[in-house]
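The values are calculated or read from the model by the stated rules, or taken from the named source; none is laboratory data. Note that the structure is a prediction, hence the values are computed from the model and not measured. The area values use the complete protein model at the heavy-atom level, side chains included, leaving out ligands, DNA and RNA. Shrake-Rupley method; radii C 1.70, N 1.55, O 1.52, S 1.80 Å.
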Amino acid sequence: MSAVATLFTPPHVMASVASLFACAAIWVFTRPAVTEPAVYGRRIAGAMLTAFAVILAGFAAAMASWGAGR
């Protein structure tokens, strides 16, 4: 398998998507909010993005450890 093809294995793709969601969560948490409902909405959205990133990263790590000979 070529070096480029190893980047597109399912665990790597899952880890990449998890990192994108983690970056999105950081972006949501660092944006200023003017009103109280906006603060609440950003906290909920940021928590959901963070949870998705953590869960997906965990599944990616588990899937990466399932390989032959491990």
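For the stretch 1-45, filtering for residues that are modelled with pLDDT under 90 and more than 17 Å from the chain's Cα centre (by Cα) leaves 6.
Listed by position, the helices (runs of 4 or more DSSP H) inside the chain whose residues that are open to solvent by 40 Å² or more (accessible area, probe 1.4 Å) and of a type in the set (Val, Ile, Thr) number at least 3 are 10-30, 36-64.
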